[in-house]
Amino acid sequence: MGKFSEKLERFVDKAIPYLIIILFGIVIVDVFYHEVSLRYAKTIFILDAIIITIFVIDLIFKYQRVRNIPRFVRLYWIDILAVFPFFLLLRLFEEILLLSESSISALRNLFHAGLIFEEQVIVGEEAARTAELLAKEGRVSLVVRWFRPLRRLPRLFKAFSFYEHPEHKKTLYHKKS
């Protein structure tokens with residue numbers, strides 16, 4: 001390592017505790033004094049970015065000393081978590097949630113459209129059966145109209161026998177037996 005990087009590493013190592021205190025103050029202002037944090041949002045963002053950048057530089061120096069990724073992660077996992085941009089991960093989860101909600105909504109709409117289509121098919125089938133019955137009944141009613149006089153023939157034959165031999169009717173003029 002060159003002299004500049006050694007000086008930079010010493011500066012970063014000495015600055016880390018002070019930067020943690022400043023970052024703690026930024027978090028307190030952001031959480032408890034939201035109006036103040038809104039007024040100074042740009043300044044707070046710049047300070048936060050500078051602090052995170054210095055933390056990342058510190059991690060780079062630590063990796064250069066270890067040079068083994070599994071060991072580096074095992075030793076400095078808390079430092080990695082401190083600089084990891086969790087807001088990106090949260091945004092990713094938010095987008096996944098929004099996409100899943102919209103796809104669920106689309107699937108729900110498709111399901112309801114399928115149910116409505118199925119109901120319309122059932123109504124159409126019932127209408128087809130009814131139309132078929134009416135068509136058959138229409139043909140049958142024509143045949144029934146033709147045979148209606150034939151249905152009356154048995155009554156007509158009874159009437160003929162009644163009027164030709166009126167035995168059941170006894171009036172004053174007929175003799176009693």
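For the range 103-114, does any single residue satisfy the condition of being closer than 30 Å to ILE16 by Cα and basic (Lys, Arg)? No: the range 103-114 contains no residue that is closer than 30 Å to ILE16 by Cα and basic (Lys, Arg).
Anything in the range 34-56 that is modelled with pLDDT of 90 or more and of a type in the set (Ser, Thr, Tyr)? List them, or say none. Once the filter is applied, which keeps residues that are modelled with pLDDT of 90 or more and of a type in the set (Ser, Thr, Tyr), the range 34-56 yields TYR40, THR43, THR53. Residue pairs whose Cβ atoms lie under 7 Å apart, separated by 6 or more positions or on different chains, with the first residue in the range 7-35 and under 15 Å from ILE60 (Cβ atoms) and the second among the charged types (D, E, K, R), are VAL12/ASP58; ILE16/ASP58. Just checking: which of the helices (runs of 4 or more DSSP H) contained wholly in the range 1-97 hold 2 or more residues that are buried (at least 16 other Cβ atoms within 10 Å of the Cβ)? Those helices (runs of 4 or more DSSP H) span 3-32, 41-66, 77-83. For LEU75, the stated conditions do not hold, so it cannot be described as over 30 Å from PHE11 (Cβ atoms), at pLDDT 90 or above and assigned by TED's automatic domain parsing to the domain that holds LEU8.
The values are calculated or read from the model by the stated rules, or taken from the named source; none is laboratory data. The structure presented is a predicted model; accordingly, all values stated were derived computationally and were not measured. Note: ideal-geometry Cβ built from the backbone for every residue, glycine included; neighbour counts use all protein chains shown.
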